[in-house]
Amino acid sequence: MANCQETLNEMYAYLDAELATERATEIIGHLKVCTDCQSAYEFHAEFKSIIRLKAQKDELSEGFLDRLRECFGDDSLKDA
Amino acid sequence: MTPQEDFTHDAMQYAPQLFSTAMRMTRNRNNAEDLVQETFIKAWRSFATYQQGTNLRAWLFRIMTNTYINKYNAQQRKPTETELDDVEELFLYKRLGAVDQSQLSQSAEDQMLSMFTDDEVKNALEELPDQFRIPVLMSDVEGFSYKEIAEILEIPLGTVMSRLHRGRKSMQKMLYEYAKKRGLINEALLPQGDDE
């Protein structure tokens with residue numbers, strides 16, 4: 001099982017799904033028994049999801065998708 | 001559908017994601033629209049070299065990132081390790097314990113969601129220097145793997161990880177400053193000597 005320092009160091013790699021299964025299991029093992037690390041983990045999981053949630057919503061202007069469709073298949077398009 | 005029609009259909013599906021990322025990159029709607037348009041024109045011209053079944057989404061983001069870097073002279077490859085202040089580990093986590101509970105009625109998990117507005121999160125991202133902002137956008141917003149980000153940016157995996165680490169900490173500090181400015185955080189409640 002991982003200790004507190006290792007868990008905090010590798011918390012983001014775990015959150016980003018970048019840890020090998022075996023290592024991820026060791027981190028999960030520690031999170032299950034350590035409320036301090038568990039709470040830090042939940043905070044950062046929330047932080048990551050908030051960034052995604054709040055920075056992903058940009059309304060498209062009217063007609064933008066139509067203009068984009070014109071990018072395909074028109075050989076006469078020149079560099080802007 | 002012909003392969004060309006398939007390609008167009010698939011690429012168009014990613015238009016909203018590409019546009020959001022372009023908005024964070026250029027910070028301007030017209031420039032963001034131009035950037036996505038230029039990306040699609042380049043993608044279409046390179047259609048012959050695109051291998052069906054490979055990662056179209058990463059390929060499009062790579063074209064867009066390169067276009068952005070070239071067009072806006074983004075400082076992608078310059079060594080800029082000193083460009084961001086060093087922020088301590090778990091910066092925001094250590095401080096949000098000081099939020100006055102009476103100001104927030106939600107559960108602890110919802111606190112951060114209600115605390116930061118969409119604009120604040122977008123601003124915090126947009127304030128990051130390019131070489132930190134793009135990896136954070138690619139990972140936290142677009143969900144690309146470290147390997148994909150390394151390929152999109154043509155930088156080593158270790159560099160992706162260190163830029164993500166520093167970029168995220170710096171964003172936390174910026175968001176903390178926004179919250180402080182709005183009076184959501186009472187500094188008197190902070191642990192003594194833990195600031196800076």
Give me the percent of accessible area attributable to carbon and sulfur for region A:4-69, probe 1.4 angstrom.
50
Everything considered on the Cα gyration tensor (a ≥ b ≥ c; rounded for a/c under 1.5, else prolate if a/b is larger than b/c, else oblate), chain A must be described as prolate
Could you report the accessible area of residue B:127 in Å², rounded to 10, computed with a 1.4 Å probe on the protein chains as they sit in the structure?
120
How many Cβ atoms of partner chains, on average, are near each residue of B:34-46 if near means within 10 Å of its Cβ?
4
With every protein chain left in place, what is the accessible area per residue of region A:4-69 in square angstrom, probe 1.4 Å?
55
Accessible area of residue B:165, 1.4 Å probe, to the nearest 10 Å²?
80
Determine ³J(HN,Hα), in whole Hz, for all residues of region B:153-164 in sequence, where each value follows from phi through the Karplus function 6.51 cos²θ - 1.76 cosθ + 1.60 and θ = phi - 60°; x replaces Gly and Pro.
8, 6, 10, x, 4, x, 5, 4, 5, 6, 5, 4
For the cross-link pairs B:71/B:181; B:147/B:180; B:42/B:169; B:94/B:180, which exceed 26 Å when the distance is taken from alpha carbon to alpha carbon?
B:71/B:181; B:147/B:180; B:42/B:169
Long-range Cα-Cα pairs in region B:3-72 (distance over 18 Å), rounded percent
30
State, in square angstrom and to the nearest 100, the accessible area buried between chains B and A, both chains counted, probe radius 1.4 Å.
4000
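The values are calculated or read from the model by the stated rules, or taken from the named source; none is laboratory data. Remember, it's a predicted structure, so these values are computed and weren't measured experimentally. Don't worry about glycine lacking a Cβ; one is built from the backbone with ideal geometry, like all the others, and counts go over all protein chains shown. For accessibility, only protein heavy atoms count, side chains too; no ligands or nucleic acids. Shrake-Rupley method; radii C 1.70, N 1.55, O 1.52, S 1.80 Å.
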